[in-house]
């Protein structure tokens, strides 16, 4: 990590001509431009920054977490075996792959309230795809006649017909489930260090939170839609209030826990180099 | 330094507030009231006429009943020997100004008529009947005047729910749910082909003999519920009719009961109780039944009818 920061700092230092240290009057819109490389809980990031006034600066960039992948094998056992396709060894197991995705563009505004301090308040937003985690079976696991219309009953089979809520495969007979948050994630935080360094290079520290909204699980479900007056089957947000089958109380509880995680902490260090 | 700590505390407090979980909410659908459906075209004139045996005969069969349904369909009951069969005719019926029932084919051509003060009169009536019934290769011609008949109209309690269900329905989709100690599995199909459930039933280890498989391998063209108390299912190869009534004054469940002819299959049988769920302009008819075999499951069969 130290080597990485050193290399980035040297690279930035080598760019362009040397400039004198900035004075307060130098901070005007687009008077200066800096580039930075960050690392933190929001991943690895690249951004550019420009001052607006002595008290304000704008940063824009992109952060991402390197793709974290996960693989496991799930059992397709029990009486449901008839709807599943065994693997090439004739065993009712299926590969399940998972991937963490976090890539966001960011637009942030730093406010420096104190004349003699680099302390800043930051507001802005991270903007990216909403899908945070994807889990899927790469191969077809459900027999053809059950694709997209048959699966595990999550609803109350003893109640009204409208309370039935079935977890199904997609039209290709594969299972997929995604954890999604808002694509637009407001950010608020504090930090130390100027985005456009007074000297040639500096290091800034930021601490804040992204507001994700309420995380939701998305997968293929089937239910009788009261208003459409027909069975609908497709990729939809899982409504935890419809998971009423006591056999799957754990699923509902897991969704409830997940819905509580509405913010994401951001803690990061950025090495900035002033270009001009 | 103190002000920085205060700011961090504010941020943490804000995030804690936004992290509070939402309370569970019961899933809601509709507004809790039964919708009111538009009455079908023949709702006020629909009637069942029961005709004494051997009063009208043709080619060894006796016309023993003729239903004019709320949707303007014509269902006839033929008695031949000890057997009773039903035929849904591909005809429509309209009412003339003098109350005569005019029966027309799909092209609007008259193929029969029923005379004799039939419209909006009750109890025993005397009819003039002229109608042809084709079953497979056999055509029956029933013609007669002064035919005594018992007229049945509103045998079922009149209410919004009765008016809503009394018509001919088309099956748009069906859903079958198996529920057992180890699985809760469902399968849905478009249309009314019960045969698509055969393989699903077998996969749920239901034991089906050839006769049951044959009976299941049928497609439902329509389901007719009448205020005269008749419940009929029109398959592609014939019609089965039984009786029905509400089980209570909540008008939520209807009970089927034995009629004259053969009725039912592995899933839907005489003495079945069906739950009616109303949607804005259609209904879901749900039957709780059982699948027995190596494993025992409760089965929930739902017809979405429009």
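Table for the structure above
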{"quantity": "Extreme residue, nearest to the other protein chains (Cβ to nearest Cβ), among residues of the range A:175-187 that are assigned to a strand (DSSP E or B) and farther than 17 Å from residue A:38 by Cα", "calculated": "A:186"}
{"quantity": "Single condition residue B:283 does not satisfy, out of (1) within 14 Å of chain A (Cβ to nearest Cβ); (2) crowded, with 16+ Cβ neighbours inside 10 Å; (3) out of contact with any helix residue (DSSP H, G or I) (no Cβ under 7 Å at 6 or more places or on another chain)", "calculated": "(3)"}
{"quantity": "Among residues of the range A:254-268, those that are at the interface with chain B (Cβ under 7 Å from one of its Cβ atoms) and over 18 Å from the mean Cα position of the chain (by Cα), counted", "calculated": "1"}
{"quantity": "Filter pass, residue B:256 being surrounded by 18 or more Cβ atoms within 10 Å (Cβ to Cβ), in contact with a helix residue (DSSP H, G or I) (Cβ under 9 Å, 6 or more places away or on another chain) and more than 14 Å from chain A (Cβ to nearest Cβ)", "calculated": "no"}
{"quantity": "Any hit, the range B:173-181, residues being over 27 Å from residue B:251 (Cβ atoms), more than 25 Å from the chain's Cα centre (by Cα) and assigned by TED's automatic domain parsing to the domain that holds residue B:52", "calculated": "no"}
{"quantity": "Positions within the range A:189-203 being within 14 Å of chain B (Cβ to nearest Cβ) and within 26 Å of the chain's Cα centre (by Cα), in sequence order", "calculated": "A:189, A:190, A:191, A:192"}
{"quantity": "Residues of the range B:125-168 classified as surrounded by 17 or more Cβ atoms within 10 Å (Cβ to Cβ) and either free of Cβ contacts under 8 Å to residues at least 12 places away in the same chain or within 30 Å of residue B:276 (Cα to Cα) (or both), total", "calculated": "12"}
{"quantity": "Candidate set: the range B:202-218, residues that are modelled with pLDDT under 75 and touching a strand residue (DSSP E or B) at 6+ places or on another chain (Cβ under 6 Å); chosen: the one farthest from the other protein chains (Cβ to nearest Cβ)", "calculated": "B:207"}
{"quantity": "Strands (runs of 3 or more DSSP E) within the range A:55-162 that include 1 or more residues away from chain B (no Cβ under 14 Å) and in contact with a strand residue (DSSP E or B) (Cβ under 8 Å, 6 or more places away or on another chain)", "calculated": "A:56-75, A:93-111, A:119-128, A:131-136"}
{"quantity": "Total residues in the range A:221-253, condition part of a loop (DSSP other than H, G, I, E, B) and at the interface with chain B (Cβ under 10 Å from one of its Cβ atoms)", "calculated": "8"}
{"quantity": "Hits in the range B:231-243 - residues which are touching a residue at least 40 places away in the same chain (Cβ under 8 Å) and in contact with a strand residue (DSSP E or B) (Cβ under 6 Å, 6 or more places away or on another chain)", "calculated": "B:232, B:234, B:239, B:240, B:241"}
{"quantity": "All positions within the range A:59-75 that are buried (at least 19 other Cβ atoms within 10 Å of the Cβ) and over 30 Å from residue A:137 (Cα atoms)", "calculated": "A:59, A:61"}
{"quantity": "Unmet requirement for residue B:223, which otherwise passes all of (1) crowded, with 20+ Cβ neighbours inside 10 Å; (2) within 14 Å of another protein chain (Cβ to nearest Cβ); (3) under 20 Å from residue A:229 (Cβ atoms)", "calculated": "(2)"}
{"quantity": "Close pairs (7 angstrom Cβ cut-off, 6 or more residues apart or separate chains): free of Cβ contacts under 8 Å to residues at least 40 places away in the same chain in the range B:277-293, outside any loop (DSSP other than H, G, I, E, B) and surrounded by fewer than 19 Cβ atoms within 10 Å (Cβ to Cβ) anywhere", "calculated": "B:286/B:275; B:288/B:298; B:290/B:298"}
{"quantity": "Matching option when the condition is at pLDDT below 80 and farther than 18 Å from residue B:138 by Cα, among B:43, B:14, B:47", "calculated": "B:14"}
{"quantity": "Residues being in contact with a helix residue (DSSP H, G or I) (Cβ under 8 Å, 6 or more places away or on another chain) and over 30 Å from residue A:110 (Cα atoms) - total across the range A:207-230", "calculated": "5"}
{"quantity": "Sole residue being closer than 30 Å to residue A:21 by Cα and over 18 Å from the mean Cα position of the chain (by Cα), chosen from A:232, A:251, A:243, A:271", "calculated": "A:271"}
{"quantity": "Condition check for residue B:271: in a loop (DSSP other than H, G, I, E, B) and within 14 Å of chain A (Cβ to nearest Cβ)", "calculated": "no"}
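The values are calculated or read from the model by the stated rules, or taken from the named source; none is laboratory data. Predicted model, so just to flag it, every value in this text is computed and none were measured. Backbone-built Cβ (ideal geometry, glycine too); neighbour counts: all protein chains shown.
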